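First comes the structure, then the notes that go with it.
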Amino acid sequence: MLENIIEPLLGWYEKNHRDLPWRAHRDPYHIWVSEIMLQQTRVEAVKPFFERFTSTLPTVKDLAEYPQEKLLKLWEGLGYYNRVKNMQKAAVILCEQYDGVLPADYEALKSLPGIGNYTAGAIASIAYEIPVPAVDGNVLRVLARIRMDDGDIMKQSVRSRVEKDLLAVMPKGRSGAFNQALMELGAIVCVPNGAPLCEKCPVKEECLARKTGTIEAYPVKEKKTRRRIEERTVLLILDGRHVAVRKRPEQGLLAGLYEFPNTEGRLMEDQVLSFVEERGLMPLQILPLPDAKHIFSHVEWHMTGYVVKIAEPETAFDKELIFVETQEAQEHYPMPAAFAAYASYMDLRLGQEKYQDKK
């Protein structure tokens, strides 16, 4: 069955694939950057980030040597910041061991931080035509429907089986196109949300789920564990032209990024004033802000916000607090999108937003 889909799929891909910036050539560095960015992020959202990233850091060596705080700022808005931290760790190794070039070796690629089977397969096949599969969620969904495969695609055993099956039929000299064709089919035809566009599918005659009218039953996917809810209170502490920020710990959620001061729980106004005073600051006025919510993969923040105007501090007991101007924060302090709802009250733009008026 898999052998039967190769030719029609390749023919379809050649005529119908999207024109994406990382497909302009087979630069392994560009393929790597794009694949890491595309994890957990939509294609249209990635495009401008990819262009800026590769313009700012055109080589592996540039990535390896770039100051981490500036790197996190460059990544701001994409989220999942460990992705880019691992990229930089991998770039250092590539410079030390491979002269700054991603190796044409599947196993060597997998040994690098942040690169698993899928990313290694994408780089190896697209850049170097090494006949190895690149199995992502799109590929798993497409093949589950074509073959009526009821294996749980969240299980590594199922993914490994699919990789093994594809490895046996990889078309030599066209493995990169074949992998991209499977991914593209899942992205624009055999879609995850809503009804798949079966009439546009080049392999519809081979699809068992279509023939039996059971498309909606595939893929089988174990339900996710419900996210943990955390109540937090976020403070915009202002001393005129400056707002207080602080750096998060180097380990854990949003490690190494900057944030507005915040604390667990839903604080009332008197509790907020005490919180501020305990840090050696003199509150002059407090104003409540609307509630906000941010969803991470395993936790939801339900946030209560306040603006607290203070007298200009001579010294603060809390040495973690840094008072910065809005423009300075926007240009130099990487801040996660979790605080975007409150950043907007400071006319502080995060991630993609800060580039919108520069077009």
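The values are calculated or read from the model by the stated rules, or taken from the named source; none is laboratory data. These figures come from a predicted structure and were not determined experimentally. Every residue, glycine among them, receives a Cβ derived from its backbone with ideal geometry; neighbour counts consider all protein chains shown.
Key figures
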read-out: Total residues in the range 33-60, condition assigned to a loop (DSSP other than H, G, I, E, B), in contact with a Leu (Cβ under 9 Å, 6 or more places away or on another chain) and at pLDDT below 95; value: 2
read-out: Helices (runs of 4 or more DSSP H) fully within the range 156-219 counting 2 or more residues that are charged (D, E, K, R); value: 156-167, 208-212
read-out: Only one of G77, G114, G121 that is under 17 Å from the mean Cα position of the chain (by Cα), buried (at least 19 other Cβ atoms within 10 Å of the Cβ) and among the small types (G, A, S); value: G77
read-out: Residue, modelled with the lowest pLDDT, within the range 322-342, restricted to residues that are more than 15 Å from G240 (Cβ to Cβ) and surrounded by 19 or more Cβ atoms within 10 Å (Cβ to Cβ); value: Q330
read-out: Condition met for K293 (at pLDDT below 95 and basic (K, R)); value: no
read-out: Hits in the range 234-285 (condition: β-branched (V, I, T), free of Cβ contacts under 8 Å to residues at least 40 places away in the same chain and in contact with a Phe, Trp or Tyr (Cβ under 6 Å, 6 or more places away or on another chain)); value: V272
read-out: Residue pairs meeting the criteria (Cβ under 6 Å; at least 6 apart or on separate chains; first surrounded by fewer than 16 Cβ atoms within 10 Å (Cβ to Cβ), in the range 8-32; second of a type in the set (A, V, I, L, M) and assigned to a helix (DSSP H, G or I)); value: R26/A127
